[in-house]
Every structure is written in structure tokens, then in C-alpha cells.
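One structure is given below, encoded as C-alpha cells.
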Amino acid sequence: MISETRYDNMKYNHCGQSGLKLPAVSLGLWHNWGDNDSFEMATQMVLKAFNLGITHFDLANNYGPPPGAAERNFGRILKKQLGSYRDELIISSKAGYDMWSGPYGNWGSRKSLLASLDQSLKRIGIDYVDIFYHHRPDPETPLEETMMALDQAVKSGKALYVGVSRYSPLQTKKAASILKSQGTPFIIHQPRYNLFEREPENGLFETLTEERIGCIVFSPLAQGLLTAKYLSGIPADSRASKPGQFLTTDSITSEKLDIVKRLNQIALVRDQSLAQMSIQWVLRQEAVTSALIGASKPTQVEEIVRILDYPEFTQEELKQIDDIVPCLVET
Ligand SMILES: NC(=O)c1ccc[n+]([C@@H]2O[C@H](COP(=O)([O-])OP(=O)(O)OC[C@H]3O[C@@H](n4cnc5c(N)ncnc54)[C@H](OP(=O)(O)O)[C@@H]3O)[C@@H](O)[C@H]2O)c1
């Protein structure tokens with residue numbers, strides 16, 4: 001069932017200087033939409049998100065497992081449940097990581113990007129993506145070639161807007177200059193940003209503001225570490241307990257947990273969960289358009305969206321947080 005009140009509580013922010021608005025919270029399908037995951041749960045999470053005003057769903061060619069499965073499974077959900085809502089959805093995909101065998105299934109050549117986009121459209125079962133990203137910089141392909149492939153994606157009608165992920169401030173500036181010369185709508189950057197990973201404060205946010213490009217930050221919960229869930233062990237249903245190389249039990253060190261504990265104290269005083277505070281914290285940055293979360297249950301999405309009812313941080317709270325996870329840029 002699609003809720004009639006789905007747009008009542010979400011906040012929508014302009015993505016850079018573009019006309020496109022993105023929800024303050026977006027949902028990514030990197031984990032938990034593969035063929036080994038429950039399709040029923042995956043469906044419930046997408047529907048819960050949409051019913052809470054989350055209009056933006058983020059994919060990539062390689063999300064799974066196996067690679068491609070998340071796009072295929074999202075396509076099934078779209079067809080069965082949300083087919084008539086296509087114009088209310090912002091669907092993104094990416095290419096740039098290892099996807100198929102041989103020299104063309106990876107990185108940033110024109111050959112690779114345009115073939116990958118065609119494959120993604122087929123898997124999702126749509127005619128165009130709203131945003132097509134280059135997933136990571138390619139040191140061996142001229143930036144002009146990669147950018148002209150993004151431009152081609154737009155000119156061919158297969159993408160409405162383009163973006164980049166993991167590009168440095170300088171690479172972003174160069175990309176913007178090439179795409180501006182072509183009139184290509186380069187509207188978004190996707191970096192990792194969270195309380196443990198503040199690198200975008202070191203020039204990227206400034207560049208995006210100068211270039212008037214939007215920003216959607218991925219892993220704002222550091223894959224779940226910036227919640228209270230690991231404070232008393234590794235829960236059986238958590239990402240760290242599942243097989244995979246991205247959040248391992250070894251990476252959950254006592255030093256990190258000590259930081260999480262101290263942050264959790266601030267969240268408790270604010271009368272919110274640490275998950276909520278972590279998301280509110282990334283959204284306090286002027287440059288950030290949307291927080292791109294992941295989820296394993298619909299209730300997690302529900303909990304995060306409630307941040308829109310909480311007061312902003314006081315200067316004192318921000319200072320307490322900076323004392324625990326120091327800011328990279330001296331102000
Ligand atoms: N551009 C890139 O290179 C890149 C890289 C990585 C990700 N991304 C994008 O960013 C999206 C999000 O990444 P992410 O999954 O790492 O994001 P995240 O929001 O940092 O972590 C999501 C995980 O946190 C836990 N969680 C979420 N809400 C919670 C809550 N309310 N309470 C307790 N735990 C909660 C869940 O883990 P459990 O499973 O433990 O419940 C969930 O799977 C991806 O889906 C993808 O679209 C992009």
C-alpha cells in the first residue's frame with residue numbers, strides 16, 4: 001500500500017544549483033538486496049522508504065551478490081509495486097568497479113561506461129536512470145574520455161543527470177570544467193562522510209560549494225558502527241557478523257568502540273539514538289544534500305527519518321563532538 005501522506009514529513013533539498021530536489025535521507029541498495037537476501041524484506045524496505053518520502057534509491061552495476069542482483073531485484077520491486085510511480089522516483093546507478101571479465105568490465109573507458117549503463121537499464125527494466133555516476137577515478141583513462149561518456153549517457157536519453165564518486169577536489173574541478181563546456185548536467189558528487197571519516201571537510205565540500213554541485217554522502221553510519229548496536233558485542237543479524245569484506249569483526253576495535261560510547265552519551269542527552277545523531281551530524285553541513293543510508297530492516301529506515309523532528313545541534317554539542325572526533329580543518 002502506498003501512503004497518501006508520504007510527502008508530508010520529508011525535507012527535500014536542491015541538488016547543487018540544479019532544479020532536482022533530493023530527500024534529506026536516501027536509501028542505498030549496496031547490501032541486503034542480493035540474491036542471498038530475503039526478497040520480501042528487500043521489498044518491505046523499499047516500500048517503507050517510499051512511504052516515508054524517500055524518493056531516491058541508489059544502485060550500482062556491481063551491487064549484489066552476485067554483481068547485478070540488486071539492480072535486478074530492485075527492478076522486480078519496481079515492476080510489481082512501484083511501476084506507476086516512476087516519475088516520483090530518482091533512481092541512480094554507477095559504473096567503475098569490477099563488473100564483468102576482460103578489460104572492459106571495469107574503470108572508466110567510454111566502452112565500459114556506456115556498455116554498463118545499457119546493462120543496468122536492462123536489469124532494472126527502465127528506459128533511463130535519473131543519475132548516472134562514474135563510481136571511482138580511473139588513473140589510466142583520460143578524464144575527457146570518461147566525462148564524454150557521461151555526456152553521451154545524457155545526450156542519448158539514458159541518464160537525466162550525471163555525477164562522480166570518490167573524486168578528489170582537483171579531479172572534481174577538472175570534471176566540472178569539461179562537463180560545463182558540453183552543457184552536461186553534472187549535479188552531484190558521492191563521497192564517504194561520517195563521524196569517523198571527515199576527509200570531505202578537507203577541500204571537497206568547499207569545491208562542491210564553489211562549483212554549485214550537490215553532495216550525497218555514503219556510509220553515514222560507517223556501515224552500522226556509528227549506532228549503539230556494537231556496544232555490547234556483535235549481534236547475530238548485523239553486517240559485521242555476515243560474510244563479507246567490508247565491515248569485519250576485526251575492524252571493530254576497542255578504540256573505535258570507545259569513541260562510539262562517548263558519542264552515544266551525547267546522543268542520549270539529546271534524547272535520540274546514536275544512529276539518528278550520526279545522520280543529523282552529516283546533514284548539518286551546508287554542502288550535503290542528502291544522507292545515503294543503508295538498511296537491513298524497515299524499522300531502521302523509520303528510525304532515521306525521525307531525525308527531521310529533532311532540534312539542530314547547539315554549538316556546545318558540536319564542540320563536544322569535535323573533541324571526540326576532531327575536525328580536519330581548523331576554523
Ligand atoms: N560510491 C561508493 O563507492 C559507495 C560505497 C559504499 C556505499 N555506497 C552507497 O551508500 C549506501 C549506504 O552505505 P552503507 O550501507 O555503508 O550505509 P550506512 O548507513 O553507513 O550503514 C548501513 C547499515 O547500518 C545499519 N543501520 C542502518 N540504520 C540503522 C539503525 N537505525 N539502527 C541500527 N543500525 C542501523 C544496518 O546494518 P545491519 O545490517 O548491521 O543492521 C545497515 O545495513 C549504499 O547502499 C550505496 O548505495 C556508495
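Since every read-out is calculated from the coordinates, none of them should be taken as a lab result. This is a predicted model, so every value here is computed, not measured. Note that each Cβ is placed from the backbone with ideal geometry, even for glycine, and that neighbours are counted across all protein chains shown.
Within segment 30-56, the set of residues being touching an Asp or Glu at 6+ places or on another chain (Cβ under 7 Å) and either without any contact (Cβ under 8 Å) to a residue 60 or more places away in the chain or at positive phi (or both) comprises Thr55 only.
Considering only helices (runs of 4 or more DSSP H) fully contained in segment 235-331, which possess at least 2 residues that are away from the ligand (no atom under 16 Å from the Cβ) and among the β-branched types (Val, Ile, Thr)? If you could, list the steps in order and put the result at the bottom.
Values: elements: 254-269, 274-283, 298-305, 315-324.
Fully inside segment 235-331 and qualifying: 254-269, 315-324.
Just to be sure, is Ala149 small (Gly, Ala, Ser), farther than 20 Å from Arg166 by Cα and not in a loop (DSSP other than H, G, I, E, B)? It is false that Ala149 is small (Gly, Ala, Ser), farther than 20 Å from Arg166 by Cα and not in a loop (DSSP other than H, G, I, E, B). Does Ile188 meet the test of being under 24 Å from Ala267 (Cβ atoms) and either in contact (Cβ under 8 Å) with a residue 40 or more places away in the chain or part of a helix (DSSP H, G or I) (or both)? No. Scanning segment 217-234 for residues that are on the phi > 0 side of the Ramachandran plot and more than 10 Å from the ligand (Cβ to nearest atom) yields a single hit, Gly233. Count of segment 191-216 residues, restricted to those that are part of a loop (DSSP other than H, G, I, E, B) and either surrounded by 21 or more Cβ atoms within 10 Å (Cβ to Cβ) or not aromatic (Phe, Trp, Tyr) (or both), is 8.
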